[in-house]
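The values are calculated or read from the model by the stated rules, or taken from the named source; none is laboratory data. If you're wondering where the values come from, they're calculated on a predicted model, not measured in any experiment. Because the Cβ atoms are built from the backbone with ideal geometry, glycine has one as well, and the counts that use them run over all protein chains shown. What goes into the accessible areas is simple: the full protein's heavy atoms, side chains included, and nothing from ligands, DNA or RNA. Shrake-Rupley method; radii C 1.70, N 1.55, O 1.52, S 1.80 Å.
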Amino acid sequence: MGKTIEEIAIERGHHVVLKIDADNMADFTKKNLEKADVAIEFTHPESAYDNISKCMDFGIPIVSGTTGWTERLEEIKTKCNKQNGTMLYASNFSVGVNIFFEINSCLAALMEKQKDYDVSMEEIHHTQKKDAPSGTAITLAEQILDKISRKTVWVNHLSDNPLELEIISERIDPAPGTHKVKYASPIDDIEIIHTAHSRKGFASGAVIAAEFIAGKKGIFTMKDVLGL
């Protein structure tokens, strides 16, 4: 993701002033980051919170797409507000996926009264994907739970419990990402599917998000970026 983000940023006329990974953490300093207008963070669940927090301490607006750490998301949002900082977090930066989120929420609202339909989910990613289910799948699941009262919790396994929203995760190379939401009844099925062809859509969206938050204060989402 980092390499693809760099390529797209340069294509769009930006200059990458600093790149940090596990091998040069000593360069992650306020002095070095002051050269940047925005930081883009795609790392690991174990390091995301500290990376974002550090950028806030240095006064640098930050875009983050790392998943698997969102149990601390509200905590970092509180810090951002207290410090009058700037951040944008998204489980997925793809324009297509964010439109898919809107479709998913609308469809779930329509299906709330259709008791004959049971809803389930599937997601497929490459084998290097660190978390399961994906952050995108969790976002989709939370939207469904918010609209469909007969489901109370999502689970990452097969389930016969009618209260549980089943998410099945597969890790297959070289799949960049596929997400399916299925409503099944004895009469028919309704499915919505998003399939990524490469990581370029995610990276492009992250750069567009960075362009959007530059010079702003506050907490933003891809809805703000895309005007949804």
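Computed values, structure above
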{"read-out": "Solvent-accessible area of Val155 with every protein chain in place, 1.4 Å probe, in Å² to the nearest 10", "value": "20 Å²"}
{"read-out": "Packing-based order for 159-172, 57-70, using average beta carbon neighbours within 10 Å, highest first", "value": "57-70, 159-172"}
{"read-out": "Accessible carbon and sulfur surface of the chain relative to its total accessible area, %, 1.4 Å", "value": "52 percent"}
{"read-out": "Calculated diffusion of the chain, Stokes-Einstein form, Kirkwood radius summed over Cα pairs, 4 °C and 1.567 mPa s, µm²/s", "value": "69 µm²/s"}
{"read-out": "Helix axis angle, 2-11 relative to the chain longest principal axis, alpha carbon, degrees", "value": "70 degrees"}
{"read-out": "Label-reachable residues, the range 113-146, where backbone N falls under 13 Å from a point 7 Å from Thr178's Cα toward its Cβ", "value": "122-126"}
{"read-out": "Computed magnitude of the charge dipole of the range 77-228 (debye, nearest 20; Cβ of K, R +1, Cβ of D, E -1)", "value": "920 debye"}
{"read-out": "Pairwise FRET efficiency - Thr195 versus Glu164, Cβ, R0 = 25 Å, nearest 0.05", "value": "0.50"}
{"read-out": "For the range 1-75 and the range 136-175, distance of Cα centres in Å", "value": "30 Å"}
{"read-out": "Lysine pair number, Cα distance threshold 28 Å (strictly under), the range 135-228, separation 8 or more or different chains", "value": "13"}
{"read-out": "FRET efficiency, 1/(1 + (r/R0)^6) with R0 22 Å, evaluated for Leu226 and Ile187 via beta carbons", "value": "0.05"}
